[in-house]
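Below is one structure, written out as structure tokens; comments come after it.
The values are calculated or read from the model by the stated rules, or taken from the named source; none is laboratory data. All figures in this text were calculated on a predicted structure; none of them were measured in a lab. Cβ placement follows ideal geometry from the backbone for every residue including glycine, while neighbour counts extend to all protein chains displayed.
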Amino acid sequence: MVLSKGYIMKNKSILEPYTMRFIMPEEIDQVITLQDYIYELLPNKEIFYRDPKETLLFEIERGGRIIGVFNHANQMIAYRYISFPGESEDNLGLDIGLHESQFKDVVHLETTLVHPDYRGNRLQGLTLEKALEWVVPFGYKHMLCTVSPYNYFSLHNIMKAGLNIKSLKKKYGTPGKDDGLWRFILHRDITSLCINNPSRYEALEMEKIKEQKQLIESGYVGYKLHKESHLIHYTQDFCQN
Ligand SMILES: CC(C)(COP(=O)(O)OP(=O)(O)OC[C@H]1O[C@@H](n2cnc3c(N)ncnc32)[C@H](O)[C@@H]1OP(=O)(O)O)[C@@H](O)C(=O)NCCC(=O)NCCS
């Protein structure tokens with residue numbers, strides 16, 4: 001199923017057509033190849049948790065989807081993976097105190113990757129818009145995701161799409177081995193039209209883990225990432241719906 005078509009710039013200089021569509025389970029190896037390629041190039045490996053092939057196939061079986069973006073040569077140049085955790089214990093609703101009865105209304109924004117040659121085309125934002133268009137008619141209400149406090153580009157795009165920081169904790173650990181990686185947990189009620197423009201806020205650097213944790217634990221929500229200063233704005237004066 002084609003979700004959209006259009007034109008994008010390769011290396012910010014060559015105009016190319018692209019197609020956005022759901023990928024099929026038999027195309028999963030292309031996802032893994034792109035994931036491994038981008039992972040190897042990352043200066044800070046901590047910002048990105050690689051999804052095992054088995055997890056992706058399991059999630060597709062459970063209703064999840066991978067939106068792929070393909071160039072004129074039908075090569076995958078970007079993807080966004082979304083999942084529907086339902087009652088399972090990996091539902092991020094648990095991390096932000098959602099009531100169990102709401103778990104069925106949760107959609108997770110999982111990994112998004114864009115090949116370095118095609119960055120700057122807003123593909124992270126465009127695939128998120130398509131994911132939203134797709135889930136809303138099914139009645140999903142809560143969109144949740146995790147982002148590393150060291151991943152400015154991803155955090156900027158996710159917060160621009162209206163998701164707010166509700167928690168900061170270690171995720172993806174192995175019991176008895178390591179306690180995982182620092183992650184913000186972000187949330188948006190996709191049925192709400194509420195826009196935050198508080199008169200009072202605190203601004204903190206994204207890497208200041210301890211200070212942000214303290215603020216969040218005392219009831220603050222991160223609602224904006226300032227583009228120039230890279231400071232996150234937190235407020236207690238937060239509209240919920
Ligand atoms: C996060 C990511 C998906 C964003 O890609 P994107 O949708 O192409 O980003 P945007 O189009 O919003 O880019 C906005 C600007 O930031 C720049 N930019 C985006 N990602 C960048 C990166 N990783 N490094 C340097 N600059 C980057 C773009 O070139 C663009 O610059 P411009 O305004 O001068 O044209 C991409 O950086 C990526 O794949 N990163 C590695 C994997 C990752 O961290 N994924 C998210 C967690 S799962």
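One residue stands out among those in segment 71-83 that are of a type outside the set (Gly, Ala, Ser) and surrounded by fewer than 20 Cβ atoms within 10 Å (Cβ to Cβ): the one that is farthest from the ligand (Cβ to nearest atom), which is Asn74. Can you pull out every residue in segment 5-53 that is under 30 Å from Met206 (Cβ atoms) and in a loop (DSSP other than H, G, I, E, B)? Asn11, Lys12, Leu42, Pro43, Asn44, Phe48, Tyr49, Arg50, Asp51, Pro52 - these are the residues of segment 5-53 that are under 30 Å from Met206 (Cβ atoms) and in a loop (DSSP other than H, G, I, E, B). Here is the figure for segment 106-145: residues that are surrounded by 20 or more Cβ atoms within 10 Å (Cβ to Cβ), more than 24 Å from Gln30 (Cβ to Cβ) and touching a helix residue (DSSP H, G or I) at 6+ places or on another chain (Cβ under 7 Å) total 3. Does Asn157 satisfy the condition of being polar (S, T, N, Q) and either closer than 24 Å to Leu123 by Cα or part of a strand (DSSP E or B) (or both)? So Asn157 passes the test. One residue stands out among those in segment 32-55 that are in contact with a strand residue (DSSP E or B) (Cβ under 7 Å, 6 or more places away or on another chain) and among the aliphatic types (A, V, I, L, M): the one that is farthest from the ligand (Cβ to nearest atom), which is Leu34.
Taken as a whole, segment 214-226 holds no residue that is over 15 Å from Tyr150 (Cβ atoms), surrounded by fewer than 17 Cβ atoms within 10 Å (Cβ to Cβ) and β-branched (Val, Ile, Thr). On the given criteria, is Met206 in contact (Cβ under 8 Å) with a residue 60 or more places away in the chain, on the phi < 0 side of the Ramachandran plot and not hydroxyl-bearing (Ser, Thr, Tyr)? Against the criterion (in contact (Cβ under 8 Å) with a residue 60 or more places away in the chain, on the phi < 0 side of the Ramachandran plot and not hydroxyl-bearing (Ser, Thr, Tyr)), Met206 does not qualify. Within segment 38-70, the set of residues being over 24 Å from Asp90 (Cα atoms), within 19 Å of the chain's Cα centre (by Cα) and exposed (fewer than 14 other Cβ atoms within 10 Å of the Cβ) comprises Leu42, Asn44. Give me the residue from segment 137-161 that is under 26 Å from Leu42 (Cα atoms) and small (Gly, Ala, Ser) and, out of that set, nearest to the ligand (Cβ to nearest atom). Among residues in segment 137-161 that are under 26 Å from Leu42 (Cα atoms) and small (Gly, Ala, Ser), the one nearest to the ligand (Cβ to nearest atom) is Ser154. Would you be able to say whether some residue in segment 51-59 is within 22 Å of Arg122 (Cα to Cα), touching a residue at least 40 places away in the same chain (Cβ under 8 Å) and out of contact with any His (no Cβ under 6 Å at 6 or more places or on another chain)? No: zero hits. With respect to the conditions (1) closer than 29 Å to Ile165 by Cβ; (2) within 16 Å of the ligand (Cβ to nearest atom), Ile60 falls short on a single one, namely (2). Which ones in segment 201-241 are among the small types (Gly, Ala, Ser) and under 22 Å from Ser154 (Cβ atoms)? Passing the criteria: Ala203, Gly222, Ser229. Taking every residue in segment 115-136 that is in contact (Cβ under 8 Å) with a residue 40 or more places away in the chain and more than 13 Å from the ligand (Cβ to nearest atom) and pairing it with any residue that is assigned to a loop (DSSP other than H, G, I, E, B) and among the aromatic types (Phe, Trp, Tyr), at least 6 positions away or on another chain, the pairs with Cβ-Cβ distances below 9 Å are Val135/Phe84.
Contact map, segment 90-107: first residue under 16 Å from Ser167 (Cα atoms) and at pLDDT 95 or above, second residue buried (at least 17 other Cβ atoms within 10 Å of the Cβ) and among the charged types (D, E, K, R), Cβ cut-off under 6 Å, separation 6 or more or different chains; pairs are Ile96/Lys166.
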